[in-house]
Every structure is written in C-alpha cells, then in structure tokens.
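One structure is given here, and the rest of the page talks about it.
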Amino acid sequence: MTTPRETATSATSKTPPLPGSSSSGAARSASQHSGSSHGKLPLASDFFSVPQLNSKESKYLLGLAKHACKEVVYYSREHDGPMTWLHLASEDGVKVFQGVDHATTSKPEAKALTYLRGACQIHATLDEVAEFFKLDTPEKLAGFSQSVGKDLLDQQTLLTLASPTAENPKHYVGVKWTAVESPSKLARNRDFCYVECHDEFLDTNSKRRGWVRSIHSIRLPFCPPLNKSHGLVRGSFYRSGFIFTESADGNSVDAVHTLHLDIKGNAPNWLKLLVMKRRIKNIAEVNRYFQRQRLIRGKLLGDLELPAKDGVARCQLCETRFGLFHRKRRCRKCGKVVCSPCGHDFLLDYAGAGPKKVRICLECSEAVGFGANGAMAKDVKKATKLSSSDVRPLYD
C-alpha cells in the first residue's frame, strides 16, 4: 500500500490527458490571466481554461470521488477504523483528536502529513446539513463563509460531474479550486485543487443513516499551481471531509470533521497544527449556524419588552451571584437575567434594524437547536451501505 502523498502523484499521472489543455498550455494561460489580474483575489471567473472531458476522463474522476467518500467514512472511525485517535483537547464543544496511521508511519513521506479529527453533536437533520453544504446560491456561500469557511479567500467550481437528482437529492461530485488565508503572517496563503463528493450512506454497524462531504486533492493540467503568479502555496487534502450520522435519539446528528493535510512549503509544525485545529473546531460553527437561522425565524424581545435587571441578585440559570466579575446580561429570547458564561452572542438581523449582536441564554440556544421537523426520517432505501468490512482502501 502506498502512502497518500505517493498516491496523489501516481493517481494524477494516471489521469487521462485532457484535450487541448497540456500542462505548459495551462500554465501559459494562467500566466496571461495573472498579468491582467495583477495576482489579486478573487480570480476572474474565466481564469482557468477548463476543457470538455470525455467519458473516460469523467468516469475516472467519478470513481475517484466515490472511493474518496468511502475512505473518509472508514478512516474517520474512532474505534473500529484503521487509525489510532489520541485525544488532544475539548474546546468549544468539539473533541479534538490527533491520528496515527500505523500503516504509513514508518515511511518518510508520512512525516509531512498531519491527521486531526474533531467531533461534536449538531442539532439538525441530515437534510438540513446536506442543504447547508450545497453552495449553489450566494446566500448559502455567505452562510458557509461566515461559519465553516471563515478563512476562505476565493473558490471556483471547475467541473460539475454529478448533480442532485430526484432519486438521489443529496449526491454531488465536482472539481473545485479554493484559496484559504494563513492564520499567521509567517506563512503564505494556501490553495487547493480537489474533487469534492457528497453522498448518503448507511452505517451497517449501527444501522444509522449518514451523509458525507469528502474532499481529495488532485493534480489537473488546467489548474496549475499559482505560486509565482499569486504567491499561493499549493497544499494537499487526503481523506478529508465532514461525516454526519444520525444520533440515537433521532433529533440530532453526530458530526465528525477529519483533516489529513499537507500544507507544503516550509511552515513549522506548530503552524501546521494551528491551521488544522482552527479548521477542525469550525465544525461547531455549523451548529451555531442552524441556531442563528431558527432564532431569526422566531420571536425576539425588543428593548421595551426586556424585564428590568434591578433586583436580580443571581444568575437565573446557574445561580452565580452577580458582582464585579459576573455582570448581568438579558436573554433576548426569554428575558432571563444571566451571567456571561450562561449565554452566547449571536449576530442576528431582527426587527428590521439590520445585523446586531444579541445575547441568548444557553437554555434558549439549546431549545432552538433541534430541527423543526422532529425526528429524522428513517428512509434508507437509497443510502449507500458502508462499513469497515465493505470499504475498500483507495490507495492500493
């Protein structure tokens, strides 16, 4: 079995040549475009000269996407998968793990890869989660950028290989290019070219339905590195993505975000971990996104409707006594007077006043977390069956 990094090279070399888009031609095209854009982002919509794929090329990329989906689900397993996951910390409601792949640790190429896994619970349905990641409107892209994709600088869809249908509404395959911002001035911004796949699955161990969004880096001649033209270092994703499985109570989903990443360049190890931990913890923002949407649809108290804080000596949730270090805050949903730890700030547009930061107590934020449709549907007829026994490694 080869390492993921070796496979990225070999898999790319196996990619059929794309008509009218040799590596040198694509590089010249990118260079010409960069001269007109002066190396700035976002790129022009016609920056990449994407050719028409033939059936063999499309079939290869669709097969790669399908295998990558299975790999992401299989390698994300905490207990019965091929990875050993070591708990690092629990921050912002997300359990963060670092992974060890014993099959590749002895190989020098594996030292460039860092494996992280984040897990939390999200109060939403699989349908809502799949719709959230379907970035087919400016509004959805804005919601994504304000939550999971806070470091997103630019993104383009280069190819759409499979679109949702009435029979399979949660399935999608495409090739995308993305540029992300570095969290430190000590390192340059990164960009990635990858195949992205969305699909449903059935975990045959737990009999629970799930949905996965996988991303796997590829090299394509019409998407050359933009190091010289835009100063972007081309990184690589392997076996990365989001996995959502319906929970036992049916009112939420167990969410996992895995990153197997080589950010390339000469970045120190501490910066690699900083980049990945920041991205991993963003999975909690998916839950906050759904909370915000439900709060906006519900009724919030206006200034004249809020009860007075005078006479309230203790937090009405945890009963902590108010004082110099424990200030009084009022929940815009129920009006309770609470301390700072017993609430969250949400940026909401309400009462026609535009976006405004409002305080919502923990009790109300949890109450609006659950999907309006109650328990999730149990229809699994169209789900792809995946388990540790029938998932085959991509890197044979």
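The values are calculated or read from the model by the stated rules, or taken from the named source; none is laboratory data. Bear in mind that the values here come from a model prediction, so they are computed numbers and not experimental data. Neighbour counts are summed over all protein chains in view; Cβ atoms, including those assigned to glycine, are modelled from backbone coordinates with ideal geometry.
Numerical summary
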read-out	value
Single unsatisfied condition, residue 297 versus (1) loosely packed, with under 10 Cβ neighbours inside 10 Å; (2) at pLDDT 85 or above	(2)
Total residues in the stretch 194-253, condition over 23 Å from the mean Cα position of the chain (by Cα) and not in a loop (DSSP other than H, G, I, E, B)	4
Subset tally (residues that are modelled with pLDDT under 90, over 32 Å from the mean Cα position of the chain (by Cα) and surrounded by 15 or more Cβ atoms within 10 Å (Cβ to Cβ)) for the stretch 313-368	1
Residue ID - surrounded by the fewest Cβ atoms within 10 Å (Cβ to Cβ), chosen from residues in the stretch 53-90 that are touching a Gly at 6+ places or on another chain (Cβ under 9 Å) and without any contact (Cβ under 8 Å) to a residue 40 or more places away in the chain	86
Residue 109 being modelled with pLDDT under 90, more than 19 Å from residue 262 (Cα to Cα) and of a type in the set (D, E, K, R)	no
Counted residues, the stretch 139-170 - those being surrounded by fewer than 18 Cβ atoms within 10 Å (Cβ to Cβ) and without any contact (Cβ under 8 Å) to a residue 40 or more places away in the chain	13
Members of the stretch 202-245 found to be crowded, with 24+ Cβ neighbours inside 10 Å and charged (D, E, K, R), listed by number	239
Selected residue (criterion: farthest from residue 282 (Cα to Cα)) from residues of the stretch 43-93 that are in contact with a strand residue (DSSP E or B) (Cβ under 9 Å, 6 or more places away or on another chain) and of a type in the set (S, T, N, Q)	58
Unmet requirement for residue 42, which otherwise passes all of (1) at negative phi; (2) more than 25 Å from the chain's Cα centre (by Cα); (3) not acidic (Asp, Glu)	(2)
